[in-house]
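Participant: Dumping the structure here so I can ask a few things about it.
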Amino acid sequence: MNAIVGPSPWKQEIRGKHTTVVLPFEFDWKKPDYQMVLGYRAQKLADLRAKPEMFPRLLRWYKDHQAQFIADWACTEDPRAIEKHLPCVIPFIPFPKQLDWIDWMNERWHASEPGLTEKSRDCGVSWLAAFTSALDCRDIRNMRIGFGSAKADKVDRSNDSDCLFYKIRFFLNNIPWEFRGGWAEKLHSAYMRIWFPESGSSITGEAGDNIGRGGRKSKYFVDEAAHLEHPQLIESSLLSNTNCRLDISSVAGMANPFAQKRHRGKVKFFTFHWRDDPRKGQEWYEKLKGETDDVTLAQDVDINYLASTTGQVIPAAWVEAAIGAHIKLGIVPSGIRRGGFDVADGGNQTVFAGRYGVLLQDLISWQASGNSDTYKSVVRAINICDEKDYGGFDYDADGIGASVRGDALNINTERRHVGMRWIYDEPFRGSGAVFEPEAEMVKERKNKDFFLNLKAQSWWSLRIRFNNVWRAVNGFPDVDLDNIICIDPQLENLTDLIMQLAQPTYDKNSLGKIVVDKTPDGATSPDLADAVMIAFNPTNGMADIWAKLAQ
């Protein structure tokens, strides 16, 4: 914008994966100076109004730079700001994950496909949906956007800032009138309806079981989709309403279409976790944890679909304790440097998890496109070992991973010919017999009597590590610090890993042996968590010993 209006040095860039917005000032989300932002906007508006011929050019430019318009002019309302002596009306400065959501949402619309957003509470997704819908209807002729929710009061109710339509009107009323596309609230707004006179576009709302019954929509947002009372009725009605249904919701267990769509892998999804929000941190989370019951915290904040499920292998609270635990406990990593390799077939994620002693320090994933990619994936895993100084890796040898050993042998033979070191691989067969069957991982229960197979034993071993680190962080005495797991807080894919680790459940079979279900209630395979489990499986480390003996 400033390049058009006049010179102004850029002070800060906010970078998403594909979109960057620029600010002429420094902004700190944890210590926001809203008065400074509002003062800048007022001066910029005065400069623009001194050159009114600039508005049409700016509108054309903003049409293709939606996120920049939001950063330049959008405001929200937060009554909680009053207690901090801040203004209730505050400028909206999007952070990187919010930029990514705008791009993701627009990709779904341009591809004429549905999408699903799972979110922690208070991440600003409803405001983003309101902003982008208003801008689309201002800029695109004959746009039709729908909003639906379980209750009408959540869609539209007079002067209720929690309502979706309140957010849309608030946004429009708080941008300069020159940018409103001729919209005026008294002329172009009614209950559950907003229309735009210059473009002929409109936004309409619906509630209850009648969502999507009438008309056709360019895109349709379903708010809190996991909490609909009769979701199956709405599934059929929206099917013929729009090509782009966008479900947004916190989670409410697995027994609803929202959760089932999320975990069947057929609908593209976006995860908005509280850790992606720069306004929040561990201190915020700990405070909330002290004020909220465990199930509500896990569902509304941690995006844990199985929060109320009995028999979780690894509770979410234990995972949170492991993040940065080596820093909290003053542990300097040492010992084994080795990876866990979960190779996938077409459409799934192939993952390499690297550990240095008790520290999970790498979690690298890539998309597999077919069985022919297995060789390339093994090459990549070996190269990761070279780059990160890992001695080798254990790999999932059940299923598609069966070919890894032969591929690794060929690759290592070529490497040895040119003087490169041998990267040692070792198969992990989860369906196989337990490790050290006569030993006792659980007191007074021999491994062969307690676990069905190596998979169950390895997940239980990981459970013990997470329980130990939770106990250590919470001040329990006599914790074996060699039998914990710590997670690098800067870990790639951390948000997805947190949710996947909380997914597996356990039960006992007719012989009283532990059986682990990685995909309860039809959930998708937790590829990231599987790689971590393999990296920390109880046989890991033996391969390094065997390799030294073989030299």
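Just so you know, all these numbers are worked out from the coordinates, no wet-lab data involved. These numbers come from a predicted model, not from an experiment. Virtual Cβ from ideal backbone geometry, glycine too; neighbours counted across all protein chains shown.
Participant: Among the listed pairs K268/K376; K119/K287; K31/K287; K280/K508, which are separated by more than 30 Å between their Cα atoms?
Facilitator: Over 30 Å Cα-Cα: K280/K508.
Participant: Given a cut-off of under 8 Å on Cα pairs at least six residues apart, what relative contact order in percent is computed for segment 2-276?
Facilitator: 20
Participant: Give me a comma-separated list of calculated 3J(HN,Hα) values for segment 320-330, in order, Karplus coefficients 6.51, -1.76, 1.60 applied at θ = phi - 60°, integers in Hz, x for any Gly or Pro.
Facilitator: 4, 5, 6, 5, x, 5, 5, 6, 4, 9, x
Participant: Could you point to the residue in T242, V379, T271 farthest towards the positive end of the chain's charge dipole, with +1 and -1 charges on the Cβ of Lys/Arg and Asp/Glu respectively?
Facilitator: Of the candidates, T242 comes out farthest on the positive side.
Participant: Moving on to the next point. Peptides 405-412, 456-463, 162-169, 290-297: what's the order by average Cβ count within 10 Å, highest mean first?
Facilitator: Most protected by this proxy first, the peptides run 456-463, 162-169, 405-412, 290-297.
Participant: Mean separation of Cα pairs under 8 Å and 6+ residues apart, divided by the residue count of segment 334-408: what relative contact order is that in percent?
Facilitator: 35
Participant: Between Q12 and residues 5 or more places away or on another chain, which pairs have amide H atoms under 5 Å apart, with H built 1.01 Å from N, and which residues are they?
Facilitator: Residues meeting the amide H criterion: L23, F25.
Participant: Answer with a single label: of (i) -0.77, -0.92, -1.05, -1.29; (ii) -0.61, -0.76, -0.95, -1.41; (iii) -0.71, -0.88, -1.06, -1.45, which was calculated as log10 I(q)/I(0) by the Debye sum over Cα atoms at q = 0.09, 0.10, 0.11, 0.13 Å⁻¹ from the structure in view?
Facilitator: (i)
Participant: Note the angle between two axes, namely the Cα long axis of helix 54-63 and the longest principal axis of the Cα atoms of the chain, as a number of degrees from 0 to 90, rounded to the nearest 10.
Facilitator: 30
Participant: Now for a separate question. Among 485-497, 240-252, how do they line up from the highest to the lowest mean number of other beta-carbon atoms within 10 Å?
Facilitator: Listed from highest to lowest mean packing, they are 240-252, 485-497.
Participant: Of K30/K51; K63/K219; K261/K448, which ones are farther than 29 Å apart at the Cα?
Facilitator: In this structure, K30/K51; K261/K448 lie more than 29 Å apart at Cα.
Participant: Still on this model: Excluding residues on the same chain fewer than 8 positions from K443, give the aspartates and glutamates whose Cα lies under 17 Å from its Cα.
Facilitator: The reachable aspartates and glutamates, counting only those whose Cα sits under 17 Å from K443, are D478, D480.
Participant: Could you run the Karplus curve 6.51 cos²θ - 1.76 cosθ + 1.60 with θ = phi - 60° over segment 473-487 and give me ³J(HN,Hα) per residue in whole Hz, x for Gly and Pro?
Facilitator: My calculation for segment 473-487 gives 5, 8, x, 5, x, 6, 8, 6, 6, 7, 10, 10, 9, 10, 10 Hz in order.
Participant: Between D28 and Q43, 0.36 nm times their residue separation minus their Cα-Cα distance comes to what?
Facilitator: Value of the extension gain: 3.3 nm.
Participant: Can you run phi through the Karplus equation (6.51, -1.76, 1.60; θ = phi - 60°) for segment 109-121 and list ³J(HN,Hα) in whole Hz, with x for Gly and Pro?
Facilitator: Here the 3J(HN,Hα) series is 5, 5, 8, 6, 9, x, x, 9, 10, 9, 9, 7, 5 Hz.
Participant: Return an integer: the convex hull volume of the alpha-carbon atoms of segment 2-276, in Å³ per residue.
Facilitator: Here the figure is 134 Å³ per residue.
Participant: Out of segment 297-359, which trypsin sites (Lys or Arg not before Pro) are coil in DSSP terms and have no more than 10 other C-beta atoms within 10 Å?
Facilitator: Qualifying residues, ordered by number: none.
Participant: Separate question: Show me the ranking of peptides 177-183, 320-326, 505-511 by mean Cβ neighbours inside 10 Å, starting with the highest.
Facilitator: Per-residue mean Cβ counts within 10 Å order the peptides as 320-326, 177-183, 505-511.
Participant: For C486, which sequence-distant residues (separation of 5 or more, or a different chain) have an amide H within less than 5 Å of its own amide H, given hydrogens modelled in the peptide plane?
Facilitator: For C486, whose amide H was placed from the backbone, the distant partners under 5 Å are L359, L360.
Participant: Right, here's the next one. Anything over 32 Å Cα to Cα? Flag those among K17/K151; K97/K289; K217/K518; K17/K217, in the order listed.
Facilitator: Over 32 Å apart, Cα to Cα: K17/K151; K217/K518.
Participant: Given H placed on each backbone N at 1.01 Å, which residues far from F270 in sequence or on other chains put an amide H within less than 5 Å of it?
Facilitator: L116, T117, E118
Participant: R0 = 22 Å: FRET efficiency of T292 with N474, Cβ-based, nearest 0.05?
Facilitator: Calculated value: 0.80.
Participant: Calculate how steeply helix 282-291 sits against the longest principal axis of the alpha-carbon atoms of the chain, using the helix alpha-carbon long axis, and give the answer as 0 to 90 degrees to the nearest 10.
Facilitator: Taking Cα atoms only, the helix is inclined about 90 degrees.
Participant: Round to the nearest 10 and give me the degree value, 0 to 90, for the angle of helix 404-417's Cα axis relative to the longest principal axis of the chain.
Facilitator: For 404-417 against the chain, the angle is about 80 degrees.
Participant: Next question. For the chain, what is the mean residue ellipticity at 222 nm derived from helices alone (per DSSP H run of n ≥ 4: -39500 (n - 2.57); sum divided by total residues; nearest 500 deg cm²/dmol)?
Facilitator: -11000 deg cm²/dmol, from helical runs alone.
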